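The values are calculated or read from the model by the stated rules, or taken from the named source; none is laboratory data. What you see is a predicted model, and the numbers here were worked out from it, not measured in a lab. Neighbour counts are summed over all protein chains in view; Cβ atoms, including those assigned to glycine, are modelled from backbone coordinates with ideal geometry.
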Amino acid sequence: MSTELTRRSVLAFGGLAVVAPTVAAASSTGQGKPRPPAIEANLVKDFVAAGHGDLDKVKSMLAAQPSLLNATWDWGGGDFESAIGGAGYMGRADIATYLIDQGARYDVFVAAMLGELEVVQQLVARHPNLVKSAGPHGISLVRHAEAGGQRAKAVLEFLETKA
């Protein structure tokens, strides 16, 4: 008889067992695969910082540690930021595009900076309050479009009609 505790076995006994959340979270990804160890905090912080303006460093760090791709740094107070998030408000389309090509998570803020009008229009049509949403560091969707410069001019004009 196995002594392994699973969600199913806990539920079968009415939830009487108590399992430390860190043990349960560390054991599996939810897909039966073991979860790798956490990435060193300073490495995450350096990668997020590189996402603000250093494409070569982003490339080299990602080549050495692919799990950094969607890593986020907690600046405190619920202000989480990824490398692509930093690229978004800094107007670094080169970094954002590279990260997207590598499979990075992509959001409306990055779409606005990249000038992807149809994407922004569709999301705002479906969720109108996105125009009031704040990205990393509380930076607005409009500010992300401004960071995109000429390439995002149509997005900026669209967002200004929604404000």
| task | Please work out which residue is nearest to Asp79 (Cα to Cα), limiting yourself to region 134-163 and to residues that are of a type in the set (Gly, Ala, Ser) and in a helix (DSSP H, G or I). | result | Gly138
| query | What about Val124, is it modelled with pLDDT of 95 or more, farther than 25 Å from Leu69 by Cα, buried (at least 18 other Cβ atoms within 10 Å of the Cβ) and assigned by TED's automatic domain parsing to the domain that holds Gln65? | reply | yes
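Please work out which residue is farthest from the chain's Cα centre (by Cα), limiting yourself to region 55-92 and to residues that are of a type in the set (S, T, N, Q) and more than 22 Å from Leu141 (Cα to Cα).
Step by step, filter region 55-92, then rank; the result is Ser60.
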| request: For Phe109, state whether it is assigned by TED's automatic domain parsing to the domain that holds Val48 and within 28 Å of Asp46 (Cβ to Cβ). | output: yes
| query | Before we move on, is Ile95 surrounded by fewer than 18 Cβ atoms within 10 Å (Cβ to Cβ), among the aliphatic types (A, V, I, L, M) and closer than 18 Å to Lys59 by Cα? | reply | no
| query | Is there a residue in region 111-127 that is touching a Gly at 6+ places or on another chain (Cβ under 7 Å), free of Cβ contacts under 8 Å to residues at least 60 places away in the same chain and assigned to a helix (DSSP H, G or I)? | reply | yes
